[in-house]
Amino acid sequence: MSGTPTTALNLGALRDTSGDDRRQAFETFLCRNLAQHLDIPPAHRIARNRPLYTQGIDSLTALTLQRTLESALNIPVPAHHLLREQSVGELAATLSELVDRT
């Protein structure tokens, strides 16, 4: 398991992107990174509408993902956002809001 993101995010481009397109970019980034962090086989996918904890996110994985997101976005991402009953889609919307605030 590596902490290196599988797909880079262009924060400048994300700031200029509209809501749905930005959320989709975050969802794709999250799914690829979660698959890597959780060691998901290539034939399987992260479900975008199921809570993260039902897909294997525990507190240690959440901290690793938090560091990945903070490094990619260059903003603080509170760990509680990763441990609540959020789906990938809901987390993508939260990240979009966090980017808007900075």
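Any read-out appearing in this document is the output of simple, stated calculations on the displayed coordinates, not a laboratory observation. What you are looking at is a predicted structure, and each value in this text was computed from that prediction instead of being measured. All Cβ positions, glycine included, derive from the backbone under ideal geometry; neighbour counts span all protein chains shown.
I'd like to check something: does the stretch 88-101 contain any residue that is over 25 Å from ARG15 (Cβ atoms), out of contact with any helix residue (DSSP H, G or I) (no Cβ under 7 Å at 6 or more places or on another chain) and either surrounded by fewer than 16 Cβ atoms within 10 Å (Cβ to Cβ) or not aliphatic (A, V, I, L, M) (or both)?
No, the stretch 88-101 contains no residue that is over 25 Å from ARG15 (Cβ atoms), out of contact with any helix residue (DSSP H, G or I) (no Cβ under 7 Å at 6 or more places or on another chain) and either surrounded by fewer than 16 Cβ atoms within 10 Å (Cβ to Cβ) or not aliphatic (A, V, I, L, M) (or both).
One residue is enough: does the stretch 27-40 have a residue meeting the conditions among the small types (Gly, Ala, Ser) and part of a helix (DSSP H, G or I)?
yes
Go through the stretch 79-99 residue by residue and tally those that are without any contact (Cβ under 8 Å) to a residue 12 or more places away in the chain and more than 12 Å from the chain's Cα centre (by Cα).
The number of residues fulfilling the criteria is 3.
Considering only residues that are under 13 Å from the mean Cα position of the chain (by Cα) and more than 15 Å from THR94 (Cβ to Cβ), which ones fall in the stretch 50-67?
Selection gives THR61, LEU63, THR64, ARG67.
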